[in-house]
């Protein structure tokens with residue numbers, strides 16, 4: 001399929017200076033469009049090759065009937081189910097595009113002064129629309145497209161797209177060159193719903209368009225829409241009926257009807273062909289009532305459109321869908337409107353065959369989204385990447401100054417907090433340092449206390465009966481007239497004490513006496529000493545107590561005293 005549609009209808013195409021307002025996809029790009037109606041998931045895959053757009057695949061997958069499997073109001077549930085369908089169909093899309101239902105979008109045409117800078121036009125659109133949205137402007141996603149360039153005679157009815165003829169005060173006083181702009185506003189949570197849905201499906205959402213303008217793009221590729229007069233497209237979906245009116249390639253009227261076709265369907269065998277062979281009429285009372293309601297809605301919408309002083313007469317009516325009521329609807333509309341009515345068959349124009357051709361009529365939304373995103377004109381509305389006004393220089397400067405002031409104030413505040421914290425920490429440090437100095441003065445006392453505590457623990461843990469040992473030693477050592485002990489200590493290893501004697505011979509014989517008593521004795525060094533009691537020799541005794549040693553105080557006897565020592569005893573004993 002060549003890009004011939006972009007060359008047609010020069011009177012309805014915008015000039016080159018607005019080309020930057022249309023976001024272009026990269027060349028050699030594969031794109032997948034996903035759309036869900038009341039009964040089926042529609043998937044269309046397109047690929048661009050240079051300036052050509054080719055439709056590779058059109059798939060229709062029935063929705064599960066169990067509410068436990070799919071909840072269309074839950075983006076996580078819907079996205080998970082879409083991922084399972086794509087996996088089963090072995091479709092691995094690199095990027096996807098989706099469409100927002102007509103009923104969730106506010107369409108409003110504006111007639112604005114012609115400007116050379118597209119950014120100024122975006123500013124005017126956002127300013128005007130923000131004043132009139134029926135909800136918080138902060139929650140509004142606003143996008144727009146230039147419908148037509150013209151002089152002062154070009155006017156736009158403010159409510160034309162929604163089916164109400166009216167003129168604004170600005171239009172009544174307008175003069176000079178004007179620009180006709182169609183704006184589309186959607187709530188932010190609607191956009192977030194589709195983002196979550198794509199995220200749950202593991203897909204990259206490239207664009208989010210409007211279903212009605214997707215129909216326009218598909219119809220623009222498949223039919224000659226540049227003939228005199230308007231073309232009406234009636235799209236039958238199980239959950240809604242969309243009525244769009246096109247002039248050339250421009251959407252001039254769009255309305256979503258409340259008629260529901262979900263519970264009334266007619267098989268294609270009963271539907272018959274466009275020529276209407278015998279036996280093609282259905283005797284279903286429900287189908288007749290629904291078709292009559294659809295015809296009334298279409299007739300009412302066209303009466304509103306024809307009274308709006310906008311465009312020429314209606315040239316033809318096209319019906320699309322997959323409900324089984326399309327041929328009957330076209331027949332009823334032809335009789336009631338007295339206009340040429342036929343079925344839209346995209347398969348022929350798009351060179352589709354097999355299942356792709358069978359699914360094409362009901363997949364015009366997905367087809368329009370895929371083709372519109374892939375071709376060089378792009379989608380007129382993309383709520384994922386809307387056209388936004390640039391920040392004004394004055395506002396940008398004020399914003400920078402405000403940000404700088406906030407940064408400086410935050411820095412000064414941080415310095416003040418830091419100084420306060422450091423002051424408190426310095427006071428705490430001074431208090432702790434004084435406590436440390438006071439404790440250091442008692443360090444020796446603490447060390448002695450730790451040693452005494454350790455000795456006490458060792459004494460208790462050892463359970464060595466030290467008093468019994470001292471009684472035993474008092475019995476086996478020479479009498480106090482010959483020796484006396486001081487500096488007595490005990491430990492887990494044994495006994496340690498200093499022993500003073502009147503003569504060295506007494507100390508020399510003690511080593512053998514202590515060993516015979518059962519102790520292990522470390523070597524003793526005997527040194528002379530000056531003692532106030534007259535004991536002139538001194539030694540340090542270290543005794544280790546064997547674990548198998550047994551003490552019998554009844555058999556303990558001191559060593560025999562030499563006779564010469566007894567005769568020469570002088571001085572007082574301590």
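Inspect segment 46-55 for any residue being in a loop (DSSP other than H, G, I, E, B), under 18 Å from residue 363 (Cα atoms) and in contact (Cβ under 8 Å) with a residue 12 or more places away in the chain and give the result as yes or no. No, segment 46-55 has no match at all. Does residue 358 fit the bill of being surrounded by fewer than 19 Cβ atoms within 10 Å (Cβ to Cβ) and either assigned to a loop (DSSP other than H, G, I, E, B) or modelled with pLDDT of 85 or more (or both)? For residue 358, the condition - surrounded by fewer than 19 Cβ atoms within 10 Å (Cβ to Cβ) and either assigned to a loop (DSSP other than H, G, I, E, B) or modelled with pLDDT of 85 or more (or both) - is not met. Of all residues in segment 56-84, count the ones that are free of Cβ contacts under 8 Å to residues at least 60 places away in the same chain, within 30 Å of residue 222 (Cα to Cα) and either crowded, with 18+ Cβ neighbours inside 10 Å or touching a helix residue (DSSP H, G or I) at 6+ places or on another chain (Cβ under 9 Å) (or both). Total meeting the criteria: 3. Of the residues screened, residue 508 is one that is surrounded by 14 or more Cβ atoms within 10 Å (Cβ to Cβ), free of Cβ contacts under 8 Å to residues at least 40 places away in the same chain and in the same structural domain as residue 554 (by TED's automatic domain parsing).
With respect to residue 388, determine if the residue is touching a helix residue (DSSP H, G or I) at 6+ places or on another chain (Cβ under 8 Å) and surrounded by fewer than 16 Cβ atoms within 10 Å (Cβ to Cβ). Here the answer is yes, as residue 388 does meet what is asked.
Does residue 426 satisfy being outside the structural domain of residue 249 (by TED's automatic domain parsing) and in contact with a strand residue (DSSP E or B) (Cβ under 7 Å, 6 or more places away or on another chain)? No; evaluated as a whole, the condition is false for this residue.
The values are calculated or read from the model by the stated rules, or taken from the named source; none is laboratory data. Note that this is a predicted model, so its numbers are computed, not measured. All Cβ positions, even for glycine, are placed from backbone atoms using ideal geometry, and neighbour counts span all protein chains on display.
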